[in-house]
């Protein structure tokens, strides 16, 4: 009966169609002509591509409430609906499913004709193709990642993300407490991964394990919870109070007290035991590895001399293959380790000669007095925004020209809060960092400063240029308001290109020494060259330790030539060993920008300006450097 009804309805529609006016028939004829045209092929290609990107976007954010919360303020606008707050728990099965999904996406992507896409989708298609291919290559080295790095592991990152979890509705508070209570399960999943690493002979070094264990033991105590001094207590109370002031009808005093006590309970009964458990389990794993490995550390089969003969035998190890892929992921550079090595050495020699010459000149000259009092953080950010105007495109947010934004909506003025890293995290945290805002609410930004870093003077000025203007904050807001990750295709908003971002931040940090010259009595040219030389040396160490097998005694002997003590050299070596490709993420990416800039100067000739190059880089949005180079050539 149901089938007959459908046939009857179809017959009825057919009769109605036969009596349509002649004008409608002409319209339909034109409509058919469109679908047979080249425009139709492009339309369908773009539609298919955007649909796939939206599907990948939703898949990547679903089931991970913490990431979703930091990515989108209004997930429903992007078709994402979640009732239950969840942290993703690692398992070998989930890893296999994730790998299968990447393979499926790659196959579906290859079925779309790139040449029929719009210009921007064609560029995005190239980025995504390379991005997925890299993910597939890295999946073969799953046990080489380190989620519990003593300096940047999840035991460090998770508390910071919890402390900044925004409360804009009552459900956010409930979700936060639910996620906080899942800390133990989350760590258990990562511990399962650490056991896989240990079984594969890829467990972290004993020194790294000791640093991790010590950090976990010191992270949280019952006294710090009871007296309210722990940052997960006071930050929660501060956010509750702010929410209550904004929405007094949604949070009574009684509800406030209930939430506060629940946070304290979870910290005592879930979070503190989770860190204790993590310390105990990693202690046991470390002891087992040391007892079963007479070398007392990770595999050093790749050891070599400083001349750069990998492994001493010319044979590339699995560790080296993974590190080469990690360089691509961290920097966006597709250069070989050998090419990177030569690039770094050439830069080092140039900078070393420049520094010697600059110091000679500085001894023979007198620096005129400028500022006689220290500048506040607020002063510096204001000066930077003024000084950068001639060299960088203006942000549209909050300006009278914001109608030019592809977002086609009112953009609120950008604000930036300066916060200070908690004492419980400061010992192993960076001097400063920028917390990326949600894609759909990028007006409120936060920069963290480490109070133990003793940043002041020109160092504070250039650090704020790196994190704020024209660094991370500026670049992030520029990308958001450019509309490259809109609701039609939001995927580019979550594709991770750390080299594009960190290379830019270092590039503008070094540029900002020229701005700092107007405010400080120090010789900023000497400081800029010394800073660049220091990072270049660390990038070389990064490459030699992880690819060419540089040992600690070799590193100490090398650094002694620069007046660095054995203990200081050991600390540098330990950090680089724990953070593979981290220095390259900054410095190699910076050199890639300089290379791209030089190519732009060659191509554009008299039409070149720094302003035009900066606009090109920012308009392209987060990308790998091979794609950026191709985009630059295509603009000719």
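Quick look at the values:
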| read-out | value |
| --- | --- |
| Qualifying residue in the range 352-368 (condition: at pLDDT 90 or above, over 22 Å from residue 516 (Cβ atoms) and surrounded by 13 or more Cβ atoms within 10 Å (Cβ to Cβ)) | yes |
| Hey, residue 519 outside any helix (DSSP H, G or I) and surrounded by fewer than 21 Cβ atoms within 10 Å (Cβ to Cβ) or not | yes |
| Only one of 577, 592 that is closer than 30 Å to residue 627 by Cβ and surrounded by 18 or more Cβ atoms within 10 Å (Cβ to Cβ) | 592 |
| Among the candidates 127, 138, residue that is at pLDDT 95 or above and closer than 30 Å to residue 187 by Cβ | 138 |
| Count of the range 532-553 residues which are crowded, with 19+ Cβ neighbours inside 10 Å and either more than 19 Å from residue 579 (Cα to Cα) or not assigned by TED's automatic domain parsing to the domain that holds residue 340 (or both) | 1 |
| Selection count where residues are farther than 18 Å from residue 396 by Cβ and in contact with a strand residue (DSSP E or B) (Cβ under 9 Å, 6 or more places away or on another chain), scope the range 473-506 | 1 |
| Qualifying strands (runs of 3 or more DSSP E) (wholly inside the range 411-506; at least 2 residues being farther than 28 Å from residue 581 by Cβ, outside the structural domain of residue 233 (by TED's automatic domain parsing) and touching a residue at least 12 places away in the same chain (Cβ under 8 Å)) | 415-420 |
| So residue 512, is it modelled with pLDDT under 95 and either outside any helix (DSSP H, G or I) or surrounded by 22 or more Cβ atoms within 10 Å (Cβ to Cβ) (or both) | no |
| Cβ-Cβ under 7 Å pairs, at least 6 apart or on other chains, the range 100-125 side touching a residue at least 40 places away in the same chain (Cβ under 8 Å), far side in a helix (DSSP H, G or I) and loosely packed, with under 14 Cβ neighbours inside 10 Å | 101/59 |
| Residue 238 vs. criteria loosely packed, with under 13 Cβ neighbours inside 10 Å, out of contact with any strand residue (DSSP E or B) (no Cβ under 8 Å at 6 or more places or on another chain) and at pLDDT below 95 | yes |
| Unmet requirement for residue 231, which otherwise passes all of (1) at pLDDT below 95; (2) more than 30 Å from the chain's Cα centre (by Cα); (3) farther than 28 Å from residue 320 by Cα; (4) buried (at least 18 other Cβ atoms within 10 Å of the Cβ) | (2) |
| Any hit, the range 539-547, residues being farther than 21 Å from residue 344 by Cβ and not in a helix (DSSP H, G or I) | no |
| Residue match in the range 561-572 (condition: in contact (Cβ under 8 Å) with a residue 60 or more places away in the chain, within 26 Å of residue 156 (Cβ to Cβ), touching a helix residue (DSSP H, G or I) at 6+ places or on another chain (Cβ under 6 Å) and buried (at least 18 other Cβ atoms within 10 Å of the Cβ)) | no |
| Residue match in the range 602-617 (condition: farther than 30 Å from residue 129 by Cβ and not in a helix (DSSP H, G or I)) | yes |
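Conditions tested, residue by residue: (1) exposed (fewer than 15 other Cβ atoms within 10 Å of the Cβ); (2) in contact with a helix residue (DSSP H, G or I) (Cβ under 6 Å, 6 or more places away or on another chain).
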residue	(1), (2)
97	yes, no
103	yes, no
106	no, yes
115	yes, no
133	yes, no
140	yes, no
146	no, no
153	no, no
158	no, no
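The values are calculated or read from the model by the stated rules, or taken from the named source; none is laboratory data. Keep in mind that this is a model prediction, so the values were computed, not measured. Here Cβ is always computed from backbone atoms with ideal geometry, including for glycine, and neighbour counts include all displayed protein chains.
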